[in-house]
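The structure appears right after this line, and notes come after that.
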Amino acid sequence: MAKIIENPKTYEGRELETVFFRPMLTGPDAQALGIRILYNMPVPTTLQFWKRAADVLKKYGKGWTGGEPARKYQKKIDLFKVKAELGFSAEDYFRMVYEQIAGGPEANLDDLSGTELEAAETALFREAIAEAIRATMWVGDTSRADGLNTFDGFLKRIRTDAAAADSEIVSVPMTDMTAADAARDLLKKMWETAPETLRQFKGQENLVYLVTSDVYENYEETLDNVSVESAYLARQNGRSGISYKGIPVLDIRIGSYLTQYADMPASLALLTDRRNLALAVNTSDFPGMEVRMWYNPDEMENRQRAVFMAGCDYLLPELIVASLKSE
């Protein structure tokens with residue numbers, strides 16, 4: 001059996017969207033990020049948020065009394081042209097793709113070709129790109145010399161805005177997550193500190209706590225220590241999700257990235273409306289957008305490259321942040 005995959009593949013145009021990018025930017029995995037994802041929205045890509053008018057009821061009478069329209073907040077999201085590149089030795093690449101195919105229930109290991117091979121190669125590259133985008137949207141900094149520097153992430157943008165004299169961002173001190181019940185006390189403090197405009201969104205079920213793993217695990221430990229049967233069962237079986245006062249607490253899983261950069265905090269907790277933070281990805285409105293996979297015989301190497309546009313931002317100042325600075 002040959003241990004070289006030589007068939008070149010290129011995704012462009014509509015195929016680039018339907019086969020490669022849309023599967024990783026939609027569905028349950030994307031929703032679990034706790035943010036809004038704008039994929040191939042019209043350029044310039046804008047983040048919009050509408051606030052309903054407070055009183056639309058008027059006394060009945062002749063004429064139009066519609067009054068003021070709903071308030072609209074809008075911000076343009078800057079998109080940056082980025083590329084993702086991976087290279088593997090031919091033998092290593094074959095083994096990874098072979099393992100992907102072998103895990104399928106209908107795999108034909110005697111015929112590594114066609115759609116089965118293409119799907120396995122695509123899945124490998126797509127997973128790498130999805131994780132790189134996820135990490136950069138939180139920790140990205142374009143002023144950094146190397147590493148996660150293709151576009152500015154949420155932390156860079158929030159921290160910059162919070163330092164402004166007229167900032168409306170509210171921050172609370174981050175507590176030591178090694179102490180018992182520290183996360184519960186922190187979530188409570190953040191909720192009590194939240195302005196009324198943010199608290200009103202709770203009824204729309206869009207509020208979310210976005211936290212690092214240490215905060216999540218500390219709060220989960222607090223829930224485990226509750227002396228009721230449901231807590232005992234959850235301690236054994238795990239939980240599909242946790243909440244505080246009905247607000248989901250989501251682990252954003254960026255601890256390993258935060259420790260790589262001295263200017264980043266060790267722990268983080270953020271309370272906001274999940275529609276307030278947005279990641280924008282575009283593969284259709286700019287020239288040169290493509291995904292290409294090929295074999296380089298000179299280097300005996302399989303290579304993958306993706307070129308696309310990406311960026312992120314937040315809109316409303318109604319967010320509560322714990323730990324804006326490095327420890």
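Please list Trp294, Trp138 from largest to smallest accessible area, probe radius 1.4 Å, with all protein chains kept in place.
The ordering from most to least exposed comes out as Trp294, Trp138.
Suppose the chain between Ala119 and Val19 were pulled fully straight at 0.36 nm per residue; how much longer would it get relative to their current alpha carbon spacing? Please report the intermediate quantities before stating the final value.
On the way: separation 100, 0.36 × 100 = 36.00 nm, distance 0.91 nm.
Length difference between fully extended and current span is 35.1 nm.
Dipole size in debye (nearest 20) for the chain around its Cα centre, Lys and Arg Cβ +1, Asp and Glu Cβ -1?
1980 debye
So how far apart, in nm, are the two label points at Ala266 and Ala145 if each is 7 Å from Cα heading toward Cβ?
Distance between label points: 2.5 nm.
Express in Å², to the nearest 10, the accessible area of Asp92 obtained by rolling a 1.4 Å probe over the protein heavy atoms while all chains stay in place.
Its heavy atoms expose roughly 80 Å² to the probe.
Please give every one of the aspartates and glutamates within straight-line cross-link reach of Lys3, meaning a C-alpha to C-alpha distance under 12 Å, and leave out same-chain neighbours fewer than 8 residues apart.
Candidates past the 8-residue exclusion: Glu91, Asp92, Glu301.
Between Ser167 and Lys245, how high is the FRET efficiency from 1/(1 + (r/R0)^6) when r is the Cβ-Cβ distance and R₀ = 22 Å? Nearest 0.05.
Efficiency, rounded to the nearest 0.05: 0.25.
Tabulate in residue order the Karplus-calculated ³J(HN,Hα) for the stretch 259-264, using 6.51 cos²θ - 1.76 cosθ + 1.60 with θ = phi - 60°, rounded to whole Hz; enter x for Gly and Pro.
5, 7, 10, 5, 8, 9
Taking +1 at the Cβ of each Lys and Arg and -1 at the Cβ of each Asp and Glu, which of Leu258, Thr18, Tyr244 sits farthest along the dipole of the chain towards its positive end, judged by Cα position relative to the Cα centre?
Farthest towards the positive end: Tyr244.
Check each of the chymotrypsin sites (Phe, Trp or Tyr not before Pro) in the stretch 240-291 and keep only those in coil by DSSP with at most 16 other C-beta atoms within 10 angstrom; list them in order.
In loop regions of the stretch 240-291 (DSSP not H, G, I, E or B), the sparsely surrounded chymotrypsin sites (Phe, Trp or Tyr not before Pro) are Tyr261.
Return the carbon/sulfur percentage of the accessible area of the chain, one whole number, probe 1.4 Å, all protein chains in place.
50 percent
For a quick check, take a GNM of the chain with Cα springs below 10 Å and name the residue from Arg95, Arg126, Arg275 with the largest mean-square fluctuation.
Its mean-square fluctuation being the largest, the pick is Arg95.
What do you reckon, how do Asp273, Asp185, Asp29, Asp251 stack up by accessible area (1.4 Å probe), largest on top?
Sorted by accessible area, descending: Asp29, Asp185, Asp251, Asp273.
Taking a probe of 1.4 Å, how large is the accessible area per residue of the chain, in Å²?
Values: 17790 Å² over 327 residues.
Ligands and nucleic acids excluded, the figure is 54 Å² per residue.
Report relative contact order for the chain in percent, whole number only (criteria: Cα-Cα under 8 Å, sequence separation at least 6).
In percent, rounded to a whole number, it is 31.
Starting from the amide H of Thr46, placed 1.01 Å from N in the peptide plane, find each other amide H under 5 Å away whose residue is 5 or more places distant or on another chain.
Here Ile77 satisfy the definition.
What distance in nm separates the two pseudo spin-label positions at Ala130 and Asn7, each 7 Å out from Cα along the beta-carbon direction?
That separation, rounded to one decimal, is 2.3 nm.
Once you put a point 7 Å from the Cα of Glu192 and another 7 Å from the Cα of Asn296, both along the Cβ direction, what distance in nm separates them?
Between Glu192 and Asn296, the label points sit 5.9 nm apart.
Check the straight Cα-Cα distances from Lys245 and name the lysines below 28 Å, setting aside those fewer than 8 residues away within the same chain.
Candidates past the 8-residue exclusion: Lys51, Lys188, Lys189, Lys202, Lys325.
The values are calculated or read from the model by the stated rules, or taken from the named source; none is laboratory data. Keep in mind that what you see is a predicted model, and the values were worked out from it rather than measured. Glycine also receives a Cβ, built like all others from the backbone with ideal geometry; neighbour counts cover every protein chain displayed. Side chains included, ligands, DNA and RNA excluded: accessible areas come from the protein's heavy atoms. Shrake-Rupley method; radii C 1.70, N 1.55, O 1.52, S 1.80 Å.
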